[in-house]
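The values are calculated or read from the model by the stated rules, or taken from the named source; none is laboratory data. Computed from a predicted structure; not experimentally measured. Cβ atoms come from the backbone with ideal geometry, glycine included; neighbour counts cover every protein chain shown. Surface areas here come from the heavy atoms of the whole protein model, side chains and all, with no ligands, DNA or RNA. Shrake-Rupley method; radii C 1.70, N 1.55, O 1.52, S 1.80 Å.
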Amino acid sequence: MNVKHEILLIEDEKNICNFIATTLRTQDYKVNFAENAGSGLSLAASGCPDLILLDLGLPDMDGIDVIRDIRRWSNIPIIVISARTQEREKVEALDAGADDYITKPFGTSELMARIRTALRRSALAGSPVGSAQSRYQAKDLVIDYEKHIITVNGNIIHFTQIEYKILTFLSRNAGKVITYDTLITHVWGPYADSNNRILRVNMANIRRKLEQNPADPQYIFTEIGIGYRMIDNENL
Ligand code: CA
C-alpha cells in the first residue's frame, strides 16, 4: 500500500503523545495531533483522518462528548485511550460510538493490533455488500451467513435462534468490544430488560457448544464489566 493511513491523535499528555506518534510513524502511518478537544474536532473535520485516537481526559471537554460530536457527522473509527480503569467510562465511550478502547499503560503491539482491526473494519464497511462478508472464519470455526450454518472442525453445530443471533452479531463485529447493552438491544430489542443474566446464560450455552474448554475460551472473550469481543475474522 503506498497511500499512508492518516491518524489523528487527540491527547493532552505530551509524553504519551510523543510515544504514540513515534510508534505510529515507524509503522508508516501519518500522524496529526491535537492537545485539546477543540482543535481535535476542527482537525477531524478539516483533515478527514482515517482513524482517531482519543484520550478521554481532555482539558476543555469530556472525551465522551467529543465522540458524540464526531458521530453526528462521521463514522471515522475512534479508539479511546483511557487512563481511567473504571468500566463505566469505557462502556459510555463504546455506547457513544467509539469503536474500541485501550487502557494506559499499553504496549506498542496491542495498540497497533487495535488500529489494524479498526482500519480493516472501516474499509470493509465501505466495500460492496456481500463481498467478503458472507463468511466468518477463525481457527476451526466457520460461520456461513447465507446458509445459516456454523461448523467447528467441519462439524455442524446447532444453535438456538437467540444463540445464532448473538454469534452473528459478535462475529460481524469481530475484533471489536460489544457492550452488554448493545448486544441485548440488538438481540432482544430496545425494550429488553438490561439485566444481563439471560445474556450470560445464552453465552454459557454458546461457549459449551463452541469452545473446547469454556473456562478458557478461544473464540469469544469476556471483557469484564464491559461486554464481549470475538476473535478477528481471518477471512478478510
Ligand atoms: Ca489526558
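For the chain, adding -39500 (n - 2.57) for each run of n ≥ 4 DSSP H residues and dividing by the number of residues yields -12500 deg cm²/dmol at 222 nm. Segment residue 207..residue 83, full-extension length gain: 41.5 nm, with 0.36 nm per residue of separation and the alpha-carbon distance subtracted.
Taken along the Cα-to-beta-carbon direction at a fixed 7 Å, the label points for residue 153 and residue 194 span 4.1 nm.
Please give the net charge around residue 214, taking every other residue with its beta carbon less than 11 angstrom from that of residue 214, where Lys and Arg add +1 and Asp and Glu add -1. Spelling it out: positives minus negatives among the neighbours equals +1. Compared with the alpha-carbon gap, the fully stretched path from residue 235 to residue 95 is longer by 47.7 nm at 0.36 nm per residue. Listed by chain and number, the lysines whose C-alpha is less than 21 Å from the C-alpha of residue 14, apart from same-chain residues fewer than 8 away, are 30, 104. Excluding ligands, DNA and RNA, the accessible surface per residue across the chain is 51 Å² with a 1.4 Å probe. Excluding same-chain neighbours fewer than eight residues apart, the lysines reachable from residue 165 by a Cα-Cα span under 22 Å are 139, 147, 176, 209. Each listed q (0.13, 0.19, 0.32 Å⁻¹) maps to a log10 I(q)/I(0) for the stretch 159-209 from the Debye sum over equal C-alpha point scatterers, namely -0.27, -0.59, -1.42. Using Cα-Cα distances under 8 Å and only pairs 6 or more residues apart, what relative contact order does the chain have, in percent? Rounded, it is 14 percent for the chain. Hull volume per residue, based on the alpha-carbon atoms of the stretch 1-74 and their convex hull, is 75 Å³.
According to the Kirkwood relation over distinct C-alpha pairs, the hydrodynamic radius of the stretch 5-131 is 14.5 Å.
For residue 15 and residue 140, a Förster radius of 35 Å and the Cβ-Cβ distance give a FRET efficiency of 0.25, rounded to the nearest 0.05.
Once the mean 1/r over all distinct Cα pairs of the stretch 182-236 is inverted, what Kirkwood radius in angstroms do you read off? Across the stretch 182-236, the inverse of the average 1/r is 12.4 Å. Overall, the stretch 186-231 carries a charge dipole of about 120 debye about its Cα centre when +1 sits on the Cβ of Lys and Arg and -1 on the Cβ of Asp and Glu, all other atoms neutral.
Dividing the alpha-carbon radius of gyration of the chain by the rule-of-thumb value 2.2 N^0.38 Å gives 1.06.
When Rg and the Kirkwood Rh are both derived from Cα coordinates, the Rg/Rh ratio for the stretch 38-95 amounts to 0.94.
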